[in-house]
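Since the structure comes first, as structure tokens, the remarks are kept for the end.
The values are calculated or read from the model by the stated rules, or taken from the named source; none is laboratory data. Quick caveat: nothing in here was measured; it's all calculated off a predicted structure. Counting neighbours? That spans all protein chains shown, and the Cβs are built from the backbone with ideal geometry, glycine included. For accessibility, only protein heavy atoms count, side chains too; no ligands or nucleic acids. Shrake-Rupley method; radii C 1.70, N 1.55, O 1.52, S 1.80 Å.
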Amino acid sequence: MVNKQGGDYCIAFPQEGECNGIGSVTPAITLPGMTPWRTITLGATLAPIVETTVPFDLVQPKYKASQEYIYGKGSWSWIIGMDPSCNFDEQKRYIDFSAAMGYQSVLIDAFWDKQIGYDRIEELARYGKERGVGLFLWYNSNGSWNDAPQTPIGKMNNHLVRRQEMAWMQRAGIRGIKVDFFGGDKQNMMQLYEDILVDANDFGLLVIFHGCTLPRGWERMYPNYAASEAVLASENLHFGQGSCDAEARNACIHPFIRNTVGAMDFGGSALNKYYGADNQHGTVRRTSDVYALATAVLFQSPVQHFALAPNNLEDAPAWAIDFMKQVPTTWDEVKFIDGYPGKYVVLARRHGQRWIVVGINAEDTPYTATLSLPMFEKGASLKVYSDDTQLNGSVKSVKQNKKQTLKVVIPKNGGLVVKES
């Protein structure tokens, strides 16, 4: 939908230029036919928007899962080391890192077919399996809509070739794929998303989409769908200092807009000071370590490939590493507590019986509030992760008081995490 002007909204079709101008902007269906739901979530407060489940309430699964899919946490060298990091030795090091963190996967990004090769990917898959770590492989979506040079090319846009590639992945024990560089929202491109998902399910593969459209209840429609980017994600923090400077502001928008409608594969939560392989050069992270922990909860995706690096086992605070080892990636409930888009946000997520409350602040002045936290019982032992004015993080233990409230202060670019001990 688009806002024409004055608050009048109407259904919009794709732009003519999408898919390099190839394909119609109008859809075609066989009659009698059905169209997708269009919904608007309204509320007197922001809570109904952040907590809405309507994208999933109005759809049904399109097919059964071919197996029980494993979600969870993973590592990802590319966000720190870029294309040169996609080599055998570095990916082996990241498998060891994921194993040390208790993570389930490693994402190997573009050019792996050229810089590692299929035979050595199989070797890495065997090595990872011995350590309880599966592999996700990056693919270029390709086709007439996309002339990006990153390889593998020409694998995902052809039905026969795609299934041959996925059969190889199944034999090699690959856990999932990340498919990038889609061309728009025209009907032919929307069909490609579904074709990739359906074929991937036949071969037991999870699917992450990047450079892609907004998901629309896909978590329920496609049981092997994991997440979509559909946001200016963490790679922009590597590419430009301006994105680092505005990181907290943008992060205070996502829970109200992008992430409220579906899983968001952001790929963040960096603990490096610099976005560079040596952690001494590159764009400078402006946000705190507590902020990094908070966004691991604030940004929802059932598969999270965090922007952590092996050196963080030595140079990051032990309390930060311990938290990142334990943080869930799937949630049973979300509660909005306080916030405003682009300024600050505090929310709580529940995994099983355990709640985690997180907050971040983008305002020049510290966010100061007494929060009502009824999800923690009176007298409960809580761990509170917080920042001082210089963004130095620390952890303290407190007892939940009888009023079930907690006074908090979050400085600019800082964070807050509260959980039971």
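Please specify each residue of segment 79-97 satisfying the condition of being part of a loop (DSSP other than H, G, I, E, B) and closer than 24 Å to Val207 by Cβ.
Met82, Cys86
Of all residues in segment 56-72, how many are touching a helix residue (DSSP H, G or I) at 6+ places or on another chain (Cβ under 7 Å) and under 23 Å from Lys325 (Cα atoms)?
Qualifying residue count, segment 56-72: 0.
Scan segment 386-421 residue by residue and report those that are β-branched (Val, Ile, Thr), open to solvent by 20 Å² or more (accessible area, probe 1.4 Å) and out of contact with any Lys or Arg (no Cβ under 7 Å at 6 or more places or on another chain).
At the first step, the residues of segment 386-421 found to be β-branched (Val, Ile, Thr) are 389, 395, 398, 405, 408-410, 417-418.
Right, trim to open to solvent by 20 Å² or more (accessible area, probe 1.4 Å) and you get 389, 395, 398, 405, 409.
The answer is Thr389, Val398, Thr405, Val409.
Whether any residue in segment 69-78 is open to solvent by less than 60 Å² (accessible area, probe 1.4 Å), under 21 Å from Leu271 (Cβ atoms), in a helix (DSSP H, G or I) and among the charged types (D, E, K, R) is what I want to check.
No, segment 69-78 contains no residue that is open to solvent by less than 60 Å² (accessible area, probe 1.4 Å), under 21 Å from Leu271 (Cβ atoms), in a helix (DSSP H, G or I) and among the charged types (D, E, K, R).
Could you give every pair whose Cβ atoms fall below 7 Å, whose first residue belongs to segment 178-202 and is within 16 Å of Gly217 (Cα to Cα) and modelled with pLDDT of 95 or more, and whose second residue is buried (at least 21 other Cβ atoms within 10 Å of the Cβ) and among the hydroxyl-bearing types (Ser, Thr, Tyr), counting only separations of at least 6 or pairs across chains?
Cβ pairs passing all conditions: Leu197/Tyr222; Leu197/Tyr225.
List pairs: first in segment 156-175 and closer than 19 Å to Val133 by Cβ and in a loop (DSSP other than H, G, I, E, B), second charged (D, E, K, R) and open to solvent by 20 Å² or more (accessible area, probe 1.4 Å), Cβ under 7 Å, 6+ apart or cross-chain?
Close Cβ pairs (under 7 Å, with a partner that is charged (D, E, K, R) and open to solvent by 20 Å² or more (accessible area, probe 1.4 Å)) amount to Gly173/Lys129.
Name the residue, out of Gly43, Gly7, Gly23, that is without any contact (Cβ under 8 Å) to a residue 40 or more places away in the chain and at positive phi.
Working: Gly43 fails: at positive phi; Gly23 fails: without any contact (Cβ under 8 Å) to a residue 40 or more places away in the chain.
From the options Gly43, Gly7, Gly23, the qualifying one is Gly7.
Filter segment 12-28 for residues that are open to solvent by 100 Å² or more (accessible area, probe 1.4 Å) and either at pLDDT below 85 or within 22 Å of Leu58 (Cβ to Cβ) (or both) and give the result. Show your work before the answer.
Going residue by residue through segment 12-28, those that are open to solvent by 100 Å² or more (accessible area, probe 1.4 Å) are 13, 15-16, 20.
Matches in segment 12-28: Phe13 only.
Need the failing condition index for Arg93 against (1) out of contact with any Ser or Thr (no Cβ under 9 Å at 6 or more places or on another chain); (2) at pLDDT 90 or above, just the number.
Against the list (1) out of contact with any Ser or Thr (no Cβ under 9 Å at 6 or more places or on another chain); (2) at pLDDT 90 or above, Arg93 comes up short only on (1).
Name the pairs whose Cβ atoms lie under 7 Å apart, with the first residue in segment 126-143 and more than 16 Å from Ala200 (Cβ to Cβ) and at pLDDT 95 or above, the second open to solvent by 40 Å² or more (accessible area, probe 1.4 Å) and of a type in the set (D, E, K, R), and 6 or more positions between them or separate chains?
Final answer for the pair search is Tyr127/Lys92.
Tally time: how many residues in segment 99-135 are assigned to a helix (DSSP H, G or I) and either of a type outside the set (Phe, Trp, Tyr) or touching a strand residue (DSSP E or B) at 6+ places or on another chain (Cβ under 7 Å) (or both)?
18
Taking interchain pairs and intrachain pairs at least six residues apart, which have beta carbon atoms under 7 angstrom, with the first residue in segment 314-337 and closer than 15 Å to Ser269 by Cβ and among the basic types (Lys, Arg) and the second buried (at least 18 other Cβ atoms within 10 Å of the Cβ) and at pLDDT 95 or above?
Lys325/Met101
Of all strands (runs of 3 or more DSSP E) completely enclosed by segment 345-421, which ones contain at least 2 residues that are without any contact (Cβ under 8 Å) to a residue 24 or more places away in the chain and more than 28 Å from the chain's Cα centre (by Cα)?
393-399
Test Gly282 against the stated conditions and say whether it is open to solvent by 20 Å² or more (accessible area, probe 1.4 Å), free of Cβ contacts under 8 Å to residues at least 60 places away in the same chain and of a type in the set (Gly, Ala, Ser).
When the stated conditions are applied, Gly282 passes them.
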